[in-house]
Amino acid sequence: MSDIARLAALFADARQPVVFTGAGVSTESGIPDFRSPDGVWARFDPREFTYQNFVGSPEGRRRYWALGRVTYPLIRAAMPGAAHLALAQLHRLGRLDCCITQNIDDLHQRAGLPAEAVIELHGNATRARCLDCGVACTRDELHARLETGVEVPDCAACGGIVKPHTILFGEAMPRDAVAEAERRAGAADLFVVLGSSLVVYPAAYMPIHAKRAGATLAIVNLEPTRADAQADLLIRASAGAVMRAVVDEMRARIPQGG
Ligand SMILES: [Zn+2]
């Protein structure tokens, strides 16, 4: 049996399949990997863009938004890729419990995966909220204000600090999302890693947690990952190509129509 057929069989037989996605799934959609050797963080010093600098001074926020004004359009222009579309299809087929993601680009939702089936460990770049009065706004609205020359888009309602829904350097992970991800990973009988090298916490820990709780672990990634030795199925290939083939394979198995 080919690796694709094995992965399709695992999805078909699983009671509670959970997928974990990382930067590899986003780069296939044309979103730059900010952590890559030629990425944003090779040109800008991440220490200037910490949560502490952002909330600590207007100058910290001005620098953040100057960078965000350049990077946000790259995220907005990206389209869901083969992996995003495949996961949305698996969910429609009843073959996906949820997707835990390190990505902030909203592409899982834009591909059609319901928001309640996406657990975002690093937040979502398309939303923002006032830290003072809590009023929510879209990043599109903020971006439009930046484009008119506003350097720090404060809250339109109360003048407070508006912070993107993404997790900044030095900021704690969203406790609810991490707890929910741990719960779903622990309940999964199939845990599939797509496009993550599993370097940063809690990504590094999730597959091990799932495996210890009894899940079969499959890893699809172009590079070696920290959990390769634990994997029951290891596919060294692009997440999009693999997942497109998996969905085709599953559709061939499932009787169509009535
Ligand atoms: Zn406010």
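Taking each residue as 0.36 nm, the span from A252 to L93 lengthens on full extension beyond its C-alpha to C-alpha distance by 56.0 nm.
Which net charge results when you count Lys and Arg as +1 and Asp and Glu as -1 among the other residues whose beta-carbon is under 10 Å from that of P164? So the environment of P164 carries a net charge of +4. Measuring nothing but how far apart in sequence close Cα pairs (under 8 Å, 6+ apart) lie, relative to its length, segment 85-233 scores a relative contact order of 16 percent. Legend note: in the chain, cysteines whose Cβ sits 4.7 Å or more from every other cysteine Cβ are C98, C99, C137. Net charge of the neighbourhood of G123, taken over other residues with C-beta under 13 Å away and scored Lys/Arg +1, Asp/Glu -1, is 0. Each Lys and Arg adds +1 at its Cβ and each Asp and Glu adds -1 at its Cβ; summed about the Cα centre, the chain shows a dipole of about 180 debye.
Note the angle between two axes, namely the Cα long axis of helix 175-187 and the longest principal axis of the Cα atoms of the chain, as a number of degrees from 0 to 90, rounded to the nearest 10. Helix 175-187 and the main axis of the chain meet at about 0 degrees. Only one residue of Y51, G68, A88 has its Cα farthest out toward the positive end of the dipole of segment 46-131, where Lys and Arg carry +1 and Asp and Glu -1 on Cβ, and that residue is G68. Candidates G123, Q102, V152 compared by Cα position along the dipole of segment 79-154: farthest toward the positive end lies Q102, with charges placed on Cβ.
Along the charge dipole of the chain, which of T166, I31, M1 sits closest to the positive end, that is, farthest toward it, with unit charges on the beta carbon of Lys, Arg, Asp and Glu (+1, +1, -1, -1)? After comparing all options, I get M1. When you count the other C-beta atoms within 10 angstrom of each residue and take the mean per peptide, 18-28, 77-87 line up highest first as 18-28, 77-87.
Relative to the longest principal axis of the Cα atoms of the chain, helix 58-77 runs at roughly 40 degrees.
Please give the charge dipole size of segment 1-75, origin at the Cα centre, charges +1 on K and R Cβ atoms and -1 on D and E Cβ atoms. Round to the nearest 20 debye.
Working: 9 positive and 8 negative charges, 65 e Å.
Here segment 1-75 has a charge dipole of around 320 debye.
Site pair A237 and A77 shows an inter-label distance of 3.1 nm when each label is modelled 7 Å from Cα along Cα→Cβ. Centre-to-centre separation between the Cα atoms of segment 71-85 and those of segment 195-209: 22 Å.
Basic side chains Lys and Arg get +1 at the Cβ, acidic Asp and Glu get -1 at the Cβ, and with that the dipole of segment 149-258 about its Cα centre reaches some 340 debye.
Bear in mind these aren't lab numbers, they're just calculated from the coordinates by the rules spelled out. Computed from a predicted model, the values in this text were never measured in an experiment. Using ideal geometry, Cβ is built from the backbone for each residue, glycine included, and neighbour counts are taken over all protein chains shown.
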